[in-house]
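Below is one structure, written out as structure tokens; the observations come after it.
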Amino acid sequence: MIRERTTTGLAQARAEGRIGGRRKKLDPKKRREIAESVLSGRKSGKSGAEMARLHGISEPAVSRIVAEHRQNVETFHADQP
């Protein structure tokens, strides 16, 4: 019975536009800046470790941001004629 009530409540919250979970620490603009800086290479870009220290996040978080950015860019280019 508890499980049913919880599921119903979560479904109702989603229907009202609420999203569960922790909020992201970085906004989309900062996430894009991190990914582009790491992907730009050795000359002008910074390493993932440097970006992690600069923004107060972990190195695996930087890796996830970069992977997500790569996937979004590939999807965007695949959609272009």
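The values are calculated or read from the model by the stated rules, or taken from the named source; none is laboratory data. Just so we're clear, the structure is a prediction, and the values are computed from it rather than from any experiment. Calculation scope for accessible area: heavy atoms of the full protein, side chains included, ligands and nucleic acids excluded. Shrake-Rupley method; radii C 1.70, N 1.55, O 1.52, S 1.80 Å.
Overview of results
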quantity: Exposure ranking of 3, 23, 18 by accessible area [1.4 Å probe, largest first]; calculated: 23, 3, 18
quantity: Extension gain (nm, one decimal) between residue 53 and residue 3, 0.36 nm per residue minus Cα-Cα; calculated: 13.9 nm
quantity: Proximal aspartates and glutamates to residue 24, defined as alpha-carbon separation beneath 17 angstrom and excluding residues fewer than eight positions away on the same chain; calculated: 33, 59, 68
